[in-house]
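None of the figures in this text is laboratory data; all of them are computed from the coordinates on show. None of these values were measured; they are calculated from a predicted model. As a convention, Cβ positions derive from the backbone with ideal geometry for all residues, glycine included, and neighbour counts pool all protein chains shown.
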C-alpha cells in the first residue's frame, strides 16, 4: 500500500530523450534551440491544405531506429516515443533487464492519439470498404496504447497510463509522475509525452478554427511568440521522455541528475472550449499552487519557459500573468519559435529544455521575435542565447478546455 507523500521528497530528472523538429537526440536539440533557428517548412503530407506548413522531425527512419519488425506495427506517435525513451534510459544509465520491473511506472501525455492510423483506416473504409480496414488501427489509434507499448518495450510493469489534458498533457504527466514517486508507489517513472498530429484532418480543423499561422510564403518566420505580428501557431510532431527518480535513490546508484522537479500545480479555466480566460485566473491558480508545492516564493523564480504559442490571445494572457505574479522580472523564453507547437508533447519538451537551461546556465532565445507586442512588458530572451545562472524555473502549459499545468524545476543539490 502506498505511503503518504513525504514532505520535501526531492524528485530528480536522471534521464532525457528528445525527438523533435530540432533533431533526434538531446545534443542536436540543444544546439538547435540555442541557435534560435526555426524548423517550420512546407510539409508534403499537408499538400493541398490552406496551411501546408509544419514542423516535422528531420530524417526520422523508424526502421533504422527501432528495427523493422517493431516499427511496422506502430503508429508514428508511438515510434517517436520509443526512440526518445531509448535515449532517456541510456542517459539515466538504466537497463530494463536489471531493474525491479514491478516498481517502474510509465506515465505519458498525449492529446490526439494515433492520428495517422485513424486517418488511414477511415480512408480505407470509405474508398475500399470495411474489409480493407486494418485491425491494427485499434491497437494504434487509442491514446492508451502509447504507454502500453512503452511498457512492453521497456518491461515496466508498474502503474501505466496516458494523461490527456490537451496541450498541458506532457506537463500534467510529469506532475503526476512526481506525485507517484513521492507516494512511493514506484521507484522509477518513465514520463513525458509524444504527439504525431500532422495528418490532414486535424490540421484542416485547426486551420478552420483560425489557430494556425497563415505565413505559408515564409514558413521559417511563422512561429513568432510574443511578436507584434504573430498570427497563430505552427503544428509540430515530437516526443520528450524524462526518467524520474527520488533524488536519494539517484545518488545511491551514482546516476546523473539534470535538475529537480520541485513543484506542480494544475487548474481549470471553466471558461471556453478553445480560448483562454483573458483574466488568466486559472493559470494563476496553477502557478501559485506549483510555487506552494515547491516551497518557493514568486521572487525565487528567475526563469520561465513560457507556453508562448504565437497566438494572439494566449501570449497576451500569459504575459500579463507573468508580470502580475512573477514581478521580479524573470527571464522568459518560448522555444516554440524553434520547434513549433507539439500540442500534448509541448510541456514535456519544454520541461526537458528547462532542465538543460538549469544544467548549462544558458537560456535559449525566442525565435522570430522581431518586434515585441507593445502590450507585453517582459524580459524575453531573443536574438541569441543568454548566459544565466538559473536556480529555479517555471514551465507553463495551457490547453484547450481550459486545462492548465505548471511545473517548477530547480537546480540539483550537490
The chain shape via C-alpha gyration tensor axes, a/c threshold 1.5: oblate
So what is the relative contact order for the chain, in percent, with contacts set as C-alpha pairs under 8 Å and at least six apart? 24
Take peptides 402-409, 35-42 and line them up by average Cβ neighbours within 10 Å, highest first, as a rough protection proxy. 402-409, 35-42
For the chain, set up a Gaussian network in which alpha carbons nearer than 10 Å are linked by springs, and say which option among 137, 104, 11 fluctuates the most. 137
Centre separation in Å (Cα based) which lies between the stretch 37-93 and the stretch 160-194: 22
Rank 250, 173, 54 by mean-square fluctuation in a GNM of the chain with C-alpha springs under 10 angstrom and give only the top-ranked residue. 250
In terms of the Cα gyration tensor, with a ≥ b ≥ c the square roots of its eigenvalues, is the stretch 109-235 rounded because a/c is under 1.5, prolate because a/b exceeds b/c, or oblate? oblate
Neighbour-count ranking for 164, 377, 223 (other C-beta within 10 angstrom, fewest to most) reads 377, 164, 223
The chain: calculated mean residue ellipticity at 222 nm from DSSP helix runs of at least 4, using -39500 (n - 2.57): -10000 deg cm²/dmol
Taking the Cα centre of each part, how many Å lie between the stretch 388-410 and the stretch 251-311? 3
Using Cβ contacts closer than 10 Å as the measure, can you line up 149, 118 from fewest to most? 118, 149
Neighbour-count order for 350, 320, 119, 97, fewest beta carbons within 10 angstrom listed first: 97, 119, 320, 350
By the mean-Cβ-within-10 Å protection proxy, highest first, 324-335, 302-313, 264-275 rank as 302-313, 324-335, 264-275
